[in-house]
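Working notes, structure below.
Bear in mind that the values in this text are calculations on the coordinates, not laboratory data. Given the structure is predicted, the values throughout are model-derived calculations rather than measurements.
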Amino acid sequence: MMLQCSRAERRPTSEAAIVQVTFTTRDGDRIEAAGEPGDTLLGAGQAAGMPLEGTCEGQMACSTCHVIVAHDWFDRLAPTSEEEEDMLDLAADVRATSRLSCQIVLDEALDGLEVAIPGESHDMRTR
Ligand code: FES
């Protein structure tokens with residue numbers, strides 16, 4: 001049996017939830033990015049052209065996805081895991097609100113999230 005959605009049941013793309021995120025670049029430019037709930041902040045940043053390599057593809061083995069979260073937003077994120085803390089200990093230009101963007105999953109509550117690209121990043125896999 002084949003299931004079909006009626007036209008009324010389909011959700012037009014324009015009504016799909018979009019999570020807006022603002023990245024501040026190393027030069028101080030503010031770049032708007034967007035993702036859908038379930039996307040990672042890393043993916044949204046890469047799609048917007050941010051210099052987030054994400055070399056290990058979210059395996060918490062590189063820290064090339066490091067971002068600095070705006071203070072107002074930091075406590076609204078899901079807690080940092082021990083593994084993420086360990087990797088951030090090895091990252092460059094770490095701040096009190098540093099996170100790995102591959103570990104931040106966007107949802108509607110994060111609409112308006114603001115993060116900054118750190119001054120430098122290291123790929124910890126090459127140490
Ligand atoms: S992509 Fe490597 S730690 Fe996030």
(request) Hey, can you grab everything whose amide H is under 5 Å from the amide H of ALA17? Only 5+ residues off in sequence or another chain; H modelled, so Pro and N-termini drop out. (result) none
(request) Per residue of the range 28-33, in order, report the coupling 6.51 cos²θ - 1.76 cosθ + 1.60 (Karplus, θ = phi - 60°) as ³J(HN,Hα) in whole Hz, putting x for Gly and Pro. (result) x, 6, 9, 10, 7, 9
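Between GLU57 and ALA17, what is 0.36 nm times their sequence separation minus the Cα-Cα distance? Round to one decimal in nm. Each step should come with its number before you reach the end.
Numbers: separation 40, 0.36 × 40 = 14.40 nm, distance 2.43 nm.
Length difference between fully extended and current span is 12.0 nm.
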(message) Give me the extension gain from ASP93 to ALA78: residue separation times 0.36 nm, minus the current Cα-Cα distance, reported in nm with one decimal.
(response) 3.2 nm
(request) Based on alpha-carbon positions alone, could you give the equivalent ellipsoid semi-axes of the range 40-89 from the gyration tensor, as √(5λ), descending, whole Å? (result) 18, 16, 9
(request) Could you bin all the Cα-Cα distances of the range 57-117 into 10 Å bins starting at 0 and give me the percent of pairs in each, rounded to whole numbers? (result) 23, 60, 17, 0
